[in-house]
Amino acid sequence: MSLRLPDSGTATGPDGRRLPPSAERNAGPILEALRAEGLHGRVLEIASGSGYHAARITAALPGLIWQPTDLDPANLASIAAWTAGTEGALPPVVLDAARPGWHRDFPAQEAAVIINLLHLISETAAQVVLSEAARVLAPEGRLFLYGPFLREGLATSEGDAAFDASLRAQDPAIGYKDVAEVEGWMRAAGLSPRRRDMPANNLLVIGTKTNS
Ligand SMILES: C[S@@+](CC[C@H](N)C(=O)[O-])C[C@H]1O[C@@H](n2cnc3c(N)ncnc32)[C@H](O)[C@@H]1O
């Protein structure tokens, strides 16, 4: 099912690149958080979307080997356009992160990055995404999960409550997840979670792999 989202971004160039306003807005804070966390090495990005984050992060943090991926093959042109000529970004590939078993294709990553995906998929799919993402990580590898979350079952602003309601109206199985529940799924996947506050009540939940 194709979701109606407020700002998925229109093509802004002949090479197909898109720049969704939300990605432009939150790219700076996400980049600075990942820099402060010492992001390094091989990084698998799940749900790269337009590819804007991939381009901003690999341009600012040299030495990364960043693999962008997305469910939608139509996004690969935009991702490739944004990351063309950026040292460190590998060619994008299609990945359905809610399909069990995909972790075998991306072994031994120092990190996995997921930005603004969990509220768009079901709880069952989210648990598969987190458990597969945990399994690509090398020992002590980290999952960086950014997005909006419920706190104790509640949205943190009227805008978030309205967006959550609009998602559930389109598909009752999707919508914002409660951060405590997500942290429980992370623990079940062998990750030790901690939270980093981000602008606009968003969170970066960082799960460190606790087993090998
Ligand atoms: C709101 S966009 C976020 C894109 C990008 N991470 C960003 O923040 O700009 C959500 C993305 O998730 C992708 N997506 C949805 N379901 C997915 C799945 N099961 N596996 C991988 N990607 C998925 C969509 O194709 C879309 O590009």
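The values are calculated or read from the model by the stated rules, or taken from the named source; none is laboratory data. Computed from a predicted structure; not experimentally measured. With ideal geometry, Cβ positions are generated from the backbone for all residues, glycine too; neighbour counts draw on all protein chains shown. Side chains are part of the model used for accessible areas, which takes the heavy atoms of the whole protein and leaves out ligands, DNA and RNA. Shrake-Rupley method; radii C 1.70, N 1.55, O 1.52, S 1.80 Å.
Summary table below
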{"quantity": "DSSP bridge orientation in the chain - percent antiparallel, rounded to nearest 5", "calculated": "45 percent"}
{"quantity": "Beta bridges per DSSP with both ends in the range 1-118, % antiparallel, nearest 5", "calculated": "10 percent"}
{"quantity": "Within the chain, longest stretch clear of exposed GluC sites (Glu not before Pro) (DSSP loop, no more than 12 other Cβ within 10 Å)", "calculated": "1-86"}
{"quantity": "Value of [θ]222 nm, deg cm²/dmol, for the chain, DSSP H segments ≥ 4, -39500 (n - 2.57) each, nearest 500", "calculated": "-10000 deg cm²/dmol"}
{"quantity": "Three principal axis lengths of the range 21-209 [C-alpha, angstrom, descending]", "calculated": "41, 34, 31"}
{"quantity": "10 Å beta-carbon shell around Gly101, net charge (K/R +1, D/E -1)", "calculated": "+1"}
{"quantity": "Per-pair calculated FRET efficiency, R0 = 30 Å: Arg4 and Ala188 via Cβ, rounded to 0.05", "calculated": "0.40"}
{"quantity": "For Ala112, residues with placed amide H under 5 Å, excluding near neighbours", "calculated": "Leu44, Arg142, Leu143, Phe144"}
{"quantity": "The chain - percent of accessible surface contributed by carbon and sulfur, probe 1.4 Å", "calculated": "53 percent"}
{"quantity": "Cut-off under 5 Å, modelled amide H: who pairs with Thr69 long-range", "calculated": "Glu45, Ala47, Ser48, Val93"}
{"quantity": "Most fluctuating residue given options Leu143, Leu118, Leu64, as computed from a GNM of the chain linking Cα atoms under 10 Å", "calculated": "Leu64"}
{"quantity": "The range 73-97 and the range 131-148: distance between their alpha carbon centers, rounded to Å", "calculated": "20 Å"}
